[in-house]
Amino acid sequence: MTTKARKFSGRTITTYFFIAALLFIVAQSCKKTRLNDSIYEEASGSGLSFYLGTDSVFNPAGGSPHGDFKLKFNSTAAAALDGTGRLPVGGSFPDGSLIVKEASTGSSSMIYAIMKKDSDSKFAANGWLWAEYKPDGEIVYNIKEKGVACISCHSASTNRDQVRSFDLH
């Protein structure tokens, strides 16, 4: 006795399985893109406040790879700062905190270096999502990289929840 693959409307179950698997992969890929897009939109939009309340450029000490920078926080992150405008030593930012470093390494080269606290995300490393974008939204460093290029330097500042900016100016 031979076994035949069941057919539905002329297609085998294997064909339907293949199509379903392909759709799942495409959907997962789109989620990564949407996450990158949504964080870029949040980081480049209004509603962020400047560090210490002023639109100032800071010159990093200690060899920061990001160069001169402006620093912005969403309201969730800003609420965690103390009276000096810094995260207290030993403190941590709550989930939902967004920190945006508008960094320039030359007269025309600028990136948004972004950290977003999302402890539950599968793309988080040390509780943070890590990304970099050009001003037009082009991804320089993708969230799906899980901060691999960022963690070694930022881990040196565990006393301020991975945020180095407070110690580098």
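Structure notes:
- Region 95-110 - residue that is open to solvent by 20 Å² or more (accessible area, probe 1.4 Å) and modelled with pLDDT of 95 or more and, of those, nearest to Asn126 (Cα to Cα): Asp95
- Contacts under 9 angstrom Cβ, first residue in region 142-153 being within 16 Å of Lys122 (Cβ to Cβ), partner among the charged types (D, E, K, R) and buried (at least 16 other Cβ atoms within 10 Å of the Cβ), 6 or more apart: Asn142/Glu132; Ile143/Lys116
- For region 128-158, a residue qualifies if it is open to solvent by less than 80 Å² (accessible area, probe 1.4 Å) and farther than 15 Å from Ile39 by Cβ, and the qualifying residues are Ala149, Ile151, Cys153, His154, Ser155, Ala156, Ser157.
- In the set (1) within 16 Å of Ile99 (Cα to Cα); (2) within 13 Å of the chain's Cα centre (by Cα), the condition left unmet by Val140 is number (1).
The values are calculated or read from the model by the stated rules, or taken from the named source; none is laboratory data. Note that this is a predicted model, so its numbers are computed, not measured. Using ideal geometry, Cβ is built from the backbone for each residue, glycine included, and neighbour counts are taken over all protein chains shown. Side chains included, ligands, DNA and RNA excluded: accessible areas come from the protein's heavy atoms. Shrake-Rupley method; radii C 1.70, N 1.55, O 1.52, S 1.80 Å.
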